[in-house]
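> There's a structure below that I have some questions on.
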Amino acid sequence: MQRENALHSNQPLATTASEFYGSIGERVSQSQAVFAQGLQALQQEAMNFANRRLEQTVGFMEQYRKCRNMSDVLALQQRWLLELGQDYYFQGMKLAQTLGTTVSDELEVADATQHEIAEQSDQARKKIAGKGVRQARRQRTHRNARRSEPRSSRRTSAH
């Protein structure tokens, strides 16, 4: 009987813990999804850049074949190097922006998670504290009731 009462008295605590950890699990899953989306965006941007650079290089090779003298070749090389430098600069800026957005989104999820965990911790603490007070009162009431019983009836009820 006592064991059964203990199981039933711990039920609210188990439910609270389950809700608490379930919510944390959902937030971690959300965080992973945001991070995965950010990585996909970075990967897509890098692939777009590689394809664009490859197309531009092929275009310069075709123009190289059309060069008639050394000054045409040098002018083409200078333009290629200038465009290459600009492309890498702008690509670095795009990747930084994409990464910044990913980190910002991740921080928003983490901040929301932190606030939710703090709220749920407070609620759980209050539930547990309330349960502890109720349980202490029940035990005190039970002890007082046992004290008021005559000693002879305590012995028979204990066995």
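> Arrange Lys127, Lys66 by Cβ neighbour counts within 10 Å, fewest through most, would you?
Ordered from fewest to most neighbouring Cβ atoms within 10 Å, Lys127, Lys66 come out as Lys66, Lys127.
> Given the Cα-Cα distance of Leu107 and Arg65 and 0.36 nm per residue of separation, how much length would full extension add, in nm?
Here the answer is 10.0 nm.
> Give the order of Phe90, Phe49 when sorted by the count of other beta carbons within 10 angstrom, beginning with the fewest.
Arranged by neighbour count, lowest to highest, Phe90, Phe49 become Phe90, Phe49.
> Using a cut-off of 15 Å between beta-carbons, work out the net charge of the residues near Asp72 (Lys and Arg +1, Asp and Glu -1, Asp72 not included).
That works out to +3.
> Quick one: Karplus J couplings for region 107-116, per residue in order, coefficients 6.51, -1.76, 1.60, θ = phi - 60°, nearest Hz, x for Gly and Pro?
Per-residue couplings from phi come out as 5, 4, 5, 5, 5, 4, 5, 4, 5, 5 Hz.
> What ranking of Ser23, Ser31, Ser71 emerges when the number of other C-beta atoms within 10 Å of each C-beta is taken as an exposure proxy, fewest first?
Ser71, Ser23, Ser31
> Sum up the charges of everything whose Cβ sits under 15 Å from the Cβ of Gln37, counting Lys and Arg as +1 and Asp and Glu as -1, but leave Gln37 out.
Surrounding charge for Gln37 is -4.
Read-outs: derived from the displayed coordinates by stated rules, not from any lab. This structure is a prediction, so every number in the text was calculated from the model and none was measured. Positions of Cβ are backbone-derived with ideal geometry, glycine not excepted, and every protein chain shown enters the neighbour counts.
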